[in-house]
Amino acid sequence: MMFDILVAGEINPDLILSGDVTPEFNQVEKLVDSATLTIGSSSVIFACGAARLGLKVAFIGMCGKDVFGTFMLDEMYKRGVDVSNVLLLPAGQTGLSVILDRSNDRAILTHAGLIAALTAEDVSDDLLRSARHLHIASYFLQVALRPGLTELFTRAHSLCLTTSLDTNWDPSGEWHGVDELLRLTDIFLPNENEALAISGASTLEAAMEKLGQGNQVVAVKCGNHGAYASHGEKTVYAPALSVQVVDTIGAGDNFDAGFLYGCLKGWSLEKTLRLATACGSLSSRGVGGTSAQPTLEEAMKYV
């Protein structure tokens, strides 16, 4: 096997505007403190975080032959992510998210572009055979991929891959279609609000019990309150690190990278969760999701 993880995901950069970013219409121009073009998309931030920890990561997605697509592929390649399977559409537009950052809160404006274009049929069996594990993020944004994910996870299992899912937020607020896929998901990685919405439970404890009814590992991110993970009858907790927070964009994706590192290495649930919370916490020290991603050596100081 060439790769530890295959990521099938969306590709888009983030343009982060910081300061007084509340817009005023009627052609009012406002000055902001800073503007940063950086790697975006949960799937790509995760892939870069996993590669930073030393895992061999391959990525399949779609982007255009445009400035944003070129930027993303160059940055992924620099960070050790294999992009040879990315599908380039000359006439397509790479997606873009504009993040209005007020330090204590943010709003996100996204142009979907090709974010929703990848399908399950684009992920061949040969590509699956090259990896140990398949990871999916941004479930609700990847509209074309979603209908075929159950079949894709089934194919992955038949080829001896394990699977993981981080749905991220559902912009529609409907949370439809996850139940069947969860039965084929080995590792489920929601945050607390997503876990409550998907399970329909009123408490985190009840949500984790419902979401982990099979043999799934469930790891729930609770921001600065740390994280919980459960497998069968066992539930463990790890606190977040105390760090100087600059930007929480991508913290959950870096948590996922740390958690899957521990799982693929056969670590205990406790040690795996501690690495995950360290990766998520440390990533918040810089702007964007990738500028402060820790190495394994750096993260292990807190495990």
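The values are calculated or read from the model by the stated rules, or taken from the named source; none is laboratory data. Computed from a prediction, not measured in an experiment: that's the story for all the values here. All Cβ positions, glycine included, derive from the backbone under ideal geometry; neighbour counts span all protein chains shown.
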Going through segment 62-78 one residue at a time, which ones are out of contact with any Cys (no Cβ under 8 Å at 6 or more places or on another chain), surrounded by 21 or more Cβ atoms within 10 Å (Cβ to Cβ) and either closer than 19 Å to Ile249 by Cβ or of a type in the set (Val, Ile, Thr) (or both)? Phe68
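Run down Val220, Val236 and say which single residue is among the hydrophobic types (A, V, I, L, M, F, W, C), within 28 Å of Asn104 (Cα to Cα), assigned to a strand (DSSP E or B) and at pLDDT 95 or above. I'd like the intermediate steps shown before the answer.
Numbers: Val236 fails: within 28 Å of Asn104 (Cα to Cα).
Sole residue among the options that is among the hydrophobic types (A, V, I, L, M, F, W, C), within 28 Å of Asn104 (Cα to Cα), assigned to a strand (DSSP E or B) and at pLDDT 95 or above: Val220.
Considering Ser291, Ser242, Ser268, Ser281, which residue is out of contact with any helix residue (DSSP H, G or I) (no Cβ under 6 Å at 6 or more places or on another chain), surrounded by 22 or more Cβ atoms within 10 Å (Cβ to Cβ) and either of a type in the set (Gly, Ala, Ser) or under 29 Å from Ala35 (Cβ atoms) (or both)? Give the derivation first.
Values: Ser291 fails: surrounded by 22 or more Cβ atoms within 10 Å (Cβ to Cβ); Ser242 fails: surrounded by 22 or more Cβ atoms within 10 Å (Cβ to Cβ); Ser268 fails: surrounded by 22 or more Cβ atoms within 10 Å (Cβ to Cβ).
Of Ser291, Ser242, Ser268, Ser281, the one residue that is out of contact with any helix residue (DSSP H, G or I) (no Cβ under 6 Å at 6 or more places or on another chain), surrounded by 22 or more Cβ atoms within 10 Å (Cβ to Cβ) and either of a type in the set (Gly, Ala, Ser) or under 29 Å from Ala35 (Cβ atoms) (or both) is Ser281.
Looking at Asn215, Asn193 in this structure, which one is under 23 Å from Leu100 (Cα atoms) and surrounded by fewer than 21 Cβ atoms within 10 Å (Cβ to Cβ)?
Asn193
Scan Glu75, Glu121 and give me the residue that is under 18 Å from Leu161 (Cβ atoms), in a helix (DSSP H, G or I) and either under 19 Å from the mean Cα position of the chain (by Cα) or not hydrophobic (A, V, I, L, M, F, W, C) (or both).
Glu121 is the lone residue from the list that is under 18 Å from Leu161 (Cβ atoms), in a helix (DSSP H, G or I) and either under 19 Å from the mean Cα position of the chain (by Cα) or not hydrophobic (A, V, I, L, M, F, W, C) (or both).
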Output yes when any residue across segment 2-13 is under 23 Å from Arg129 (Cβ atoms), among the aromatic types (Phe, Trp, Tyr) and within 17 Å of the chain's Cα centre (by Cα), and no when none is. no
Condition check: β-branched (Val, Ile, Thr) and in contact with a Phe, Trp or Tyr (Cβ under 6 Å, 6 or more places away or on another chain). Does Val67 satisfy that? no
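Just wondering, is there one or more residues in segment 186-196 that are among the small types (Gly, Ala, Ser), more than 16 Å from the chain's Cα centre (by Cα) and under 25 Å from Val44 (Cα atoms)? Before the answer, list the steps.
The first filter runs over segment 186-196 and keeps only residues among the small types (Gly, Ala, Ser), leaving 195.
From what's left, more than 16 Å from the chain's Cα centre (by Cα): none.
Taking every residue of segment 186-196 in turn, none turns out to be among the small types (Gly, Ala, Ser), more than 16 Å from the chain's Cα centre (by Cα) and under 25 Å from Val44 (Cα atoms).
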Number of the condition not met by His176 [criteria: (1) surrounded by fewer than 16 Cβ atoms within 10 Å (Cβ to Cβ); (2) closer than 29 Å to Gly266 by Cβ; (3) not polar (S, T, N, Q)]: (2)
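Can you tell me which residue in segment 115-146 is surrounded by the fewest Cβ atoms within 10 Å (Cβ to Cβ), limited to those that are of a type in the set (S, T, N, Q) and touching a helix residue (DSSP H, G or I) at 6+ places or on another chain (Cβ under 7 Å)?
From segment 115-146, those of a type in the set (S, T, N, Q) are 119, 124, 130, 138, 142; that's our starting set.
Filter again for touching a helix residue (DSSP H, G or I) at 6+ places or on another chain (Cβ under 7 Å), leaving 119, 138.
Working: Thr119: 18, Ser138: 22.
Looking at the filtered set, the residue picked out is Thr119.
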Provide a single number: the residues in segment 56-109 that are on the phi > 0 side of the Ramachandran plot and modelled with pLDDT under 95. 1
Let me spell it out: the conditions are (1) under 18 Å from the mean Cα position of the chain (by Cα); (2) surrounded by fewer than 20 Cβ atoms within 10 Å (Cβ to Cβ), and Ala35 meets all of them except one. Which number is the exception? (1)
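Which one of Leu149, Leu184 is crowded, with 16+ Cβ neighbours inside 10 Å, in contact with a strand residue (DSSP E or B) (Cβ under 9 Å, 6 or more places away or on another chain) and part of a helix (DSSP H, G or I)?
Values: Leu184 fails: part of a helix (DSSP H, G or I).
None of the others qualify; the one that does is Leu149.
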Is it the case, given these coordinates, that Thr248 is among the polar types (S, T, N, Q), part of a loop (DSSP other than H, G, I, E, B) and in contact (Cβ under 8 Å) with a residue 12 or more places away in the chain? yes
How many residues does segment 24-49 hold that are without any contact (Cβ under 8 Å) to a residue 24 or more places away in the chain and part of a loop (DSSP other than H, G, I, E, B)? 10
